[in-house]
Each structure stands twice: as structure tokens, then as C-alpha cells.
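Reviewing the structure listed below.
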Amino acid sequence: MHIYEYLFAAAIMITMLLASSSMIETLSAPHTQTSEREQLKMTSEKIMNQILFNPGNPPNWGSDPSVPIQGLQTFGLAQYNETTRGAYVLDPDKILRLSNDINTNVTLRPIIPELLNLGNEYGIALELATPLEVNVTATPDSGIYAISVTSQEDGLPVYKATITASVYYVDNGQIVNQKAQPNWTDPSGTCTIDFSNLPAQTKALIVVVDYANICVVKVLSDKQARIFGNQILSNQTLGGTACQVLITEGNGARVIENVTSGLTSSANGWYQLTDPEPSTIATLAVSNNDVICASRDVSNVTYSSISVDFSKLINPVSYSIERTVTINQLAYSITLYVWRMSY
Amino acid sequence: MHVPIQHIIGTVAIIGLMISVGLAYTIETSFVQQDISQQQLAQVSEMVALNIADTVNLANFANFGNFTRNNTMMISLNLPLDLAGRAYAVQLLNETGDNQGYNVNSYLLDQRTTNANATVPFNSAQDSVQLTTDVTSAGNLYWIETGVEAVTSTIVVYGGNSHAVVWAWKGEGNVTLAGLGVISVGQAGK
């Protein structure tokens, strides 16, 4: 046996080792990927269920401004009532605090993953969306509003959606409102509402879109305040009365109703509603002949545990899970994105 | 018979190489196997953590006011018998002291170092949810008012145990207790 034969035998053995190793890696890779995906799926479900079914601790943390968000013991967005429960019913005040907390110096990003015991292992993002995409465009200084309704999934126009609108403005120091005649979207999914006969001052516009029992509400206002439960935080001096706006259902159609209540001033720009109505979509107050609107419109609220805009981030390793929830008696879809921060 | 020295060296080298190749292959396959086992354990841990979160939320969701307290809620864990032929166990860890909350830990019984953790989404030490991770607090719990079936609280359940459950119980003072358990029929609890 010559020396090159030994070398040839050695080369064959090393080649066999390399080929076998490569095959093992190749064969195990799909299993590992599937397993990681399944694990991420269960993690997503676990986080989603915790967020949707747990009201958090203390349970009224959304509506009680004295509870700092960094003082939460458990995180959850479910609505809390002493005597009734509803599955997949979320608290609008808690959702609003996700995007717009009382103390704007507090960084929410690290607090929520910590409360969910995620550590630095996972990143999460939450996105709320209405079932229909509603855009309201005002023609400047005319009181004419163009409303377009499209489907959220594919952007196709929604034909014959019922549009109900009401505008609120100040007259003689009181909030008054004018309702538009119910209208319907045309085949291009658009509709125009004319409030041109009203005085040109700050107004608040409430638009309700109803299509096959899917209801979307939009609140538009130039001057805004923030609402936490029955308390309003405003940098303007507000009058002693407030107008609470609700969406009710009567004779098969959605109706915009309003209830007048008292507003008492507390310290540092806080105002207390005397008779708060549950499920209000907006609370309006007067300041210097202007309407100040504290909206509970939660559409398009987002939260992300990282500072990157996750909607623009193409993340192939993230897992998303979507659920339909009820907020203020209106349907929304909530999407949770979960991804691994480390491997 | 005369054998040249180079043939002896070459044969020994080939035998040595063969042994090395075999060892390298064994080590690599064991690493891959460990990796796969770890993935499977992670899946088991995540599944148990998901069930614990669901059970606790179910107990909190259903038990309120003064009407329906003191009922033990449970979800049956359909744990696989083994992981690639190897026995395993699942336990709850209380790492709230290290600010890491509660964790579900799954491990291979014959190789304790191969294990995987999954977090339970309740973090604070002052949280109103307390998981049973202490052997002294394990015991029997009633399930529903009939008392026909009882859950024995435990801190470890083994793979393949068809009676393994996760349970949650909401008592007075707004505290919810939860943990792993084993259900037994006809042995109503304490």
C-alpha cells in the first residue's frame, strides 16, 4: 500500500464526516424552524390572552389618574366591572393610556414587557384598527366634509354605508349641536356632509359609519383635551358644563346622543365630571367660545416595545395574532406582534 | 514478514482518524439531538405557561362578586409521553425574588442540564396571582362543588401523566392561587 492510498482513505473519511454533518444540519433545520415558530405562536397566544382577559392590577388603572403606569402590578386591557364580565371587552381608558399617558415623561416601552414578564427575550407590538377605514377630509373654512369608507383588508370602496354625523359648536356660551341628515356612500365609497350654514369657529364633528351592523365612529376636533375615566385634563380653562356624546341604537340605526353634565375644576388643569356616562365616545366642554373635545376614539392606537415603527418594519421572524374585540360597544380588531429579541 | 515503518504509521494514522471521525460525528449528533430536545422542552414549557395564564384568567374572569368564589378551575395538560424516547418533567419556578417572575421549567430526567424555561405573564412579587412553587403548600383542592374529583397540587408533573392539570383558585382577598396538579377521581379533597 502506497502513501497516496492512505491519504486517499483519509480524504474519503473526512469527506464522509463533512457530508454527514451537513446532512444532519440540513435535516434538523426544518424541524428547528417549525418548533421555534410553534413556540412563538404559543407565546403570542399567552400574551394575547393575558392582555385581553386580564383587567390589570389595580383593575381601574385606566380611569384612575392617581395610579401611575409604572405602579402597575399586572398589565391587562380588559374592562373591569364588579358585577358583570364580558369576554373580549376592552377598556378604552386603558387603551388611551397606552398611547397618551398622563405623565408624558414616563417611557411606557420597557414597563409593559416587564409587567408581562417578557424580559429582554421578546419584543411586542399592539395595533388597534377599525373594521372599516374611514377618512374625513374637511374643506377649509367651508363646513363641508368629504367622508370616504373603504374596507380595511383590501382597500375597496364600501357602497351604501350609512353615514350619520353631528357637529357641536358654542352658541351663547352653551354647546349646541346640529345633526346632518343620514346619508349613504356612493359606489366610490364617498359621501359629502354639508355644515356650511354654521358659524366659522372651533367645532367638534362626530361621524358614525354603519355598514351591515359594523359601526365605526370618528371624532374630529381642533382643540383637544385628555380624558381618564371621569376626569378631564386640559391646558385650557373650561366652563362648568360638559356635553357627553354617546352612540346608541334606535330603530335599527345608530343615533348620536348627548347628555349634559357638570364639570368641576380641580387643581393643575384637572376637571371632574359630575355624572359620568359609561361608553361615551367624547366629552365636550367650552373654553373661550371654542369647543374642547376629550375623545375616547381608540382607532389607530399603537404600542411597540421598541422605538422602531413596527408597521414599517418587515420582520420575517415575528408572529402576529389578531382578535376581534369590543370597545365602547364598537367592534375593533387588535393585532399583537411578537418577535424574539435574542436567539 | 518485513513490514515497512511507513505502513505501520499509515495504518495507525488511519485507525486514529477513523476513531476521531466517529467521535466528531457522535459529538455533533449529540449536540443536534440536545438542540432538538431543548426545542421540544421549550414547546412543552410554553404550552404549560399558556395553560396557566389561561386558567388564572378564567378563574379571575368567572369568579367575582360573592357568588362563585372557592371553585377550583382547571385545564387538563395533554403532555406527550416522552421526548424522542426520553422521559421529562415540568416544574414551576418562583424567581420573583430575582425579579424574573414565575417560570415553567421543563427538563430531561436523565440529563438535567437539557432544560427550557417559559415565562408566566405575571411578574410582580406583590401580584395578586400566586403560583404554588413550594412543596409545603401542595395539597388537595376541591374541584367544583360536587367534590367528586379532587386536584392534588404538586410542584412537578411528569411527561405522559394523563391526569396532569393546571389549576387556579380564587379565594377571599382577591388573591388567586394557581399551580400544577394531578387530578384524582373519587378522592374529594380536604
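The values are calculated or read from the model by the stated rules, or taken from the named source; none is laboratory data. These numbers were taken from a predicted model, which means no experiment stands behind them. We place every Cβ from the backbone using ideal geometry, glycine too, and count neighbours over all the protein chains shown. Just the protein is used for accessible areas: all its heavy atoms, side chains included, with ligands, DNA and RNA removed. Shrake-Rupley method; radii C 1.70, N 1.55, O 1.52, S 1.80 Å.
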Matching strands (runs of 3 or more DSSP E) fully within the range A:160-239 where at least 2 residues are under 30 Å from A:Pro59 (Cα atoms), open to solvent by 20 Å² or more (accessible area, probe 1.4 Å) and not assigned by TED's automatic domain parsing to the domain that holds A:Ile95: A:214-221, A:223-228, A:231-233
Those residues of the range B:12-51 that are among the aliphatic types (A, V, I, L, M), touching a strand residue (DSSP E or B) at 6+ places or on another chain (Cβ under 6 Å) and facing chain A (nearest Cβ under 9 Å) come to a total of 2
Sort out which residues of the range A:265-297 are surrounded by 12 or more Cβ atoms within 10 Å (Cβ to Cβ) and over 25 Å from the mean Cα position of the chain (by Cα), and write them in order of number. A:Ser265, A:Gly269, A:Thr274, A:Val286, A:Ser287, A:Asn288, A:Asn289, A:Asp290
For the range A:1-115, please list each of the helices (runs of 4 or more DSSP H) lying entirely inside it that holds at least 1 residues being touching a Lys or Arg at 6+ places or on another chain (Cβ under 7 Å). A:3-53, A:92-99
Against the condition within 10 Å of chain B (Cβ to nearest Cβ), open to solvent by less than 10 Å² (accessible area, probe 1.4 Å) and under 22 Å from A:Tyr332 (Cβ atoms), how does A:Lys94 come out, does it pass? no
Yes/no for A:Ala294 being among the aliphatic types (A, V, I, L, M) and within 22 Å of A:Asn172 (Cα to Cα): yes
Restricting to the range A:106-128, give me the number of residues that are at pLDDT 80 or above, under 19 Å from the mean Cα position of the chain (by Cα) and open to solvent by 20 Å² or more (accessible area, probe 1.4 Å). 2
Of all the residues that make up the range A:1-55, how many are more than 8 Å from chain B (Cβ to nearest Cβ) and within 21 Å of A:Ser342 (Cβ to Cβ)? 7
Filtered residues of the range A:9-65 (kept if in contact with a Leu (Cβ under 9 Å, 6 or more places away or on another chain) and of a type in the set (Ser, Thr, Tyr)): A:Thr43, A:Ser44
For the range B:60-77, indicate whether the set of residues that are at the interface with chain A (Cβ under 7 Å from one of its Cβ atoms), outside any helix (DSSP H, G or I), in contact with a Ser or Thr (Cβ under 7 Å, 6 or more places away or on another chain) and exposed (fewer than 15 other Cβ atoms within 10 Å of the Cβ) is non-empty. yes
Selected residue [under 22 Å from A:Leu118 (Cβ atoms), small (Gly, Ala, Ser), at pLDDT 80 or above and within 12 Å of the chain's Cα centre (by Cα)] from B:Ala49, B:Ala53: B:Ala49
